[in-house]
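The values are calculated or read from the model by the stated rules, or taken from the named source; none is laboratory data. Values in this document were obtained by computation on a predicted structure and should not be read as measured data. Counting neighbours? That spans all protein chains shown, and the Cβs are built from the backbone with ideal geometry, glycine included. Keep in mind that these areas ignore ligands, DNA and RNA; they rest on the heavy atoms of the full protein, side chains included. Shrake-Rupley method; radii C 1.70, N 1.55, O 1.52, S 1.80 Å.
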Amino acid sequence: MVFANIEYLFLLLLLIPYVVWYVMKRRKTEATLQISDARVYAHTPRSYKNYLLHVPFALRVIALVLIILVLARPQTTDSWQNSEIEGIDIMMAIDVSTSMLAEDLKPNRLEAAKEVASQFVAGRPNDNIGITLFAGESFTQCPLTVDHAVLLNLIKEIKCGLIEDGTAVGMGIANAVTRLKDSKAKSKVIILLTDGTNNRGDISPLTAAEIAKSFGIRVYTIGVGTNGTAPYPYPVGGTVQYVNIPVEIDEKTLTQIAGITEGNYFRATSNSKLKEVYEEIDKLEKTKLSVKEFSKREEEYRWFALAAFLCVLLEVLLRNSVLKKIP
């Protein structure tokens, strides 16, 4: 229940002085018939009229309250809303070449990427998300799905050595495109993470980017790795020796890929930077939520007006019948 003219409810405050006036008036009222001594009537049973004495006043107050409510125009609202959630289709293309074992990110590049990717997936419950892995070649770890529990478990199983070593960036993009090209979603995105330079594959990265563009797919590229050199665990006999390997990220090509597809290129040199990159992409690619709200209001003053009329009518009847005063 709502009121169209809620300001009229302030008129209810006028009832306070009216009630005070009634009480003061009753105290000063003199008896119609005065006698010298009323003790003889002390034990006389009280008439039912004594109990009805203040009923007319109460009915009048109730009628005034109801009239004020009518002026305030009480209304009932029938409202409902239709929420249309349009999810985004996202393929995450992750480099699993052995260079991803470098430990400039902790515990290493691949594990840091998996952790942040898992957080990204968990924060987007309405999206179709899949995973493509690439090294010397590429394959789909998980097709587009809204079953994020399964997706998160598959992310945990990602490791280096699953496929032939190398860095086939173009193949990684192309594989992701095949999963997105038939999508009906208005927004299709590839998030590509790599730490190297394209050196394998039958499709060049820029050609793959052009293919992605033709299908309306944006590509966000992430170059992961510190500047300069990075410690890399190299097995020697039964032990592990750490050697510093140069960080060679083809930032020019990654920037061009992002530019062709109207995406962005990001550089992640640490765990915190990588997390910031995914948070930035999350802001850029928000799920669209359109809510249509309909409301239908109906005037409900009739019942209040009818009740006020009945109160006035009952007061008039009482005053002119059982509570009628004799002049």
Those residues of segment 225-262 that are aliphatic (A, V, I, L, M) and under 21 Å from Glu111 (Cβ atoms) come to a total of 6
Counted residues in segment 196-250 being farther than 17 Å from Ala174 by Cβ, touching a Gly at 6+ places or on another chain (Cβ under 7 Å) and open to solvent by 70 Å² or more (accessible area, probe 1.4 Å) come to 1
Those strands (runs of 3 or more DSSP E) completely within segment 213-264 that have 2 or more residues that are more than 32 Å from the chain's Cα centre (by Cα) are 229-236, 239-246
Does Asp95 satisfy being under 21 Å from the mean Cα position of the chain (by Cα), of a type outside the set (Val, Ile, Thr), closer than 21 Å to Arg218 by Cα and open to solvent by less than 20 Å² (accessible area, probe 1.4 Å)? no
If we ask which residues in segment 107-142 are of a type outside the set (A, V, I, L, M), part of a strand (DSSP E or B) and over 26 Å from the mean Cα position of the chain (by Cα), their number turns out to be 7
Out of (1) part of a loop (DSSP other than H, G, I, E, B); (2) of a type outside the set (A, V, I, L, M, F, W, C); (3) exposed (fewer than 15 other Cβ atoms within 10 Å of the Cβ), the one Arg302 does not meet is (1)
- Query: On the given criteria, is Arg60 at positive phi and open to solvent by 30 Å² or more (accessible area, probe 1.4 Å)?
  - Reply: no
Over segment 146-174, the set of residues under 22 Å from Asp89 (Cβ atoms) and open to solvent by 30 Å² or more (accessible area, probe 1.4 Å) is Val146, Asp147, Ala149, Val150, Leu152, Asn153, Leu154, Met171
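Out of Asp104, Asp202, report the one residue that is more than 30 Å from Val243 (Cα to Cα), in a loop (DSSP other than H, G, I, E, B) and either among the polar types (S, T, N, Q) or modelled with pLDDT under 95 (or both).
Just a single option satisfies the conditions, and that option is Asp202.
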